[in-house]
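> Below is one structure. I have some questions about it.
Just so it is clear, none of the values below were taken in a lab; they were calculated from the coordinates. Predicted model only: the values in this text are computed from it and were never measured. Quick reminder, even Gly has a Cβ in these numbers, built from the backbone with ideal geometry, and neighbours come from all protein chains shown.
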Amino acid sequence: MLTLLKLLKDGRFHSGQALGAALGVSRSAVWKQLQQLEAELNLSIHKVRGRGYQLARPLSLLDEDAIKQASKGEYWPALIFDSIDSTNAEALRAIERGQPAPFLVLAERQSAGRGRRGRAWVSPFAENLYYSLVLRIEGGMRQLEGLSLVVGLAVLQALREQGVAEAGLKWPNDVLVGTRKIAGILLELVGDPADVCHVVLGIGINVNMQANAEVDQDWTSVQLSTGKALDRNVLVAQLNSKLQHYLSRHQSEGFAAIAQEWEQNHLWQGRAVSLIAGVNKVDGIVLGIDQQGALRLKVGEIEKHFSGGELSLRLRDDS
Ligand code: BTN
C-alpha cells in the first residue's frame, strides 16, 4: 500500500492505468488500495474522471538517503518505521535487543505516542516528526544534568534555521511560538544513571500539520508559522546537526556553560506563573534557571529552585 503512496506523494495526477502498471495489479485493485489508504491513514485523495488520482496535498515521506544527503556532520544510523506504537518505546526495545548507540528511531506515524506527564502525543501520518535519539551515557549524573533543556535548545535552533523565527523555550523543555506549542521533548532512561545508562531523547515536532481536532492544547506547526511545507528529511538532518553541536558542548563543558544561552531564549523570564506538580500549585515569578537546569522562582520574597519531570508551568492571569 505504501508503494502506491510513494507513487502519489508528488501531489500530481496519476491515472489508474499507470498506477496499476507500476504496481503490477489491476485498476480495481488500485481503487481498493486507495480506499484503504484514505481510511487507514486519514488521507484525502481526489478522483477526477479522465485524469486519475491525486493526493489532496503532496506528502514528504521519510527517506534515509534524503536524510544522508542533507546531513553535514556525523550520520546516526536510523531505524525508520511506517507505523509504530511510539518511537521512544521502540528505542527502549532496541536497547534491550543490544542495538549499539547512538542510533535514531523515526516513524511516519505513532499509534501510542507518549507525551510528558502521562499524556498522549497526537501523531498523524507523514505530517510531523516523531524522532528518538538513543545515547549511551558513561560517567554519571553530570552527563544528565540539564540534558532535556539542552535538547530543547537544539530543537529551537533547528526550527529557527527553518524560518520559525518567533520560536522560544518554555521551561523545562517545550518549544513555543507565542503561546502555541510547536515541539515537545520526552526523555526516558534505562540503566544506572550513576554509572552506565542509555537515554532516549524523544522529540515531537509539528511540521506540516494544518488542522487536528485531537490535540488538546494550543498548538502550531512549522507550516502554519512560515506558510511553507517543509521536507521532514531536511529537518531530521538539521536536528541531527544541532543536537551534535549542543550535546558535544554539554558533554565537554557541562550544562553551566549553556545555561545562559538557554535563559536568553526563555519566553517566560520575569513572568508570573503557577508551577503545577500533580494537585499541588506554587505561584511565583520566573527568575530563570540555575546551573543544573532547575527553575528559579521568586515565591513571596524567597528564591526557590524546582526540578523534576512531572512539573509544568502555567502563566498566571495577572502576568
Ligand atoms: C511533551 O509532552 O511535550 C513531550 C512530547 C514528546 C513526543 C515525542 S514524539 C517522538 C517520541 N516518541 C514518543 O512516544 N514521544 C516522543
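> How would you rank 274-285, 109-120, highest first, on the average number of other Cβ atoms within 10 Å across their residues?
Values: 274-285: 13.4, 109-120: 15.9.
Answer by packing, highest mean first, reads 109-120, 274-285.
> I need the shape label for the range 64-263. Rule: rounded when a/c is under 1.5, else prolate if a/b > b/c, else oblate, with a, b, c from the alpha carbon gyration tensor. Walk me through the numbers before you get to the answer.
Details: a/c = 1.44, a/b = 1.23, b/c = 1.18.
It comes out rounded by the Cα gyration axes.
> Just to be sure I understand: of the beta bridges DSSP finds with both ends in the chain, what percent are antiparallel, rounded to 5? Don't skip to the answer; put the middle values down first.
Numbers: 57 of 64 bridges.
The answer is about 90 percent antiparallel.
> What lysines could a cross-link reach from K32, if we take a straight Cα to Cα line under 29 Å and drop same-chain neighbours fewer than 8 places away?
K6, K9, K47
> Run the helix sum for the chain: -39,500 (n - 2.57) per DSSP H stretch of 4+ residues, divided by residue count, reported at 222 nm to the nearest 500 deg cm²/dmol.
Numbers: 9 runs with 99 residues, N = 319.
That calculation yields -9500 deg cm²/dmol at 222 nm.
> How about K72: which lysines have a C-alpha closer than 21 Å to its C-alpha, ignoring those fewer than 8 places off in the same chain?
Cross-link targets: K242.
> With everything on Cα atoms, drop me the angle between helix 87-97 and the longest principal axis of the chain, reported from 0 to 90° to the nearest 10.
80 degrees
> State the volume of the convex hull built on the alpha-carbon positions of the range 2-55, expressed per residue in Å³ and rounded to an integer.
Working: hull volume 3.6 nm³, N = 54.
Given the Cα convex hull of the range 2-55, per-residue volume reads 67 Å³.
> Sorted by packing (mean other beta-carbon atoms within 10 Å per residue), highest first, where do 134-145, 207-218 land? Write down the numbers at each step before the final one.
Numbers: 134-145: 15.8, 207-218: 13.2.
In descending order of packing, they fall as 134-145, 207-218.
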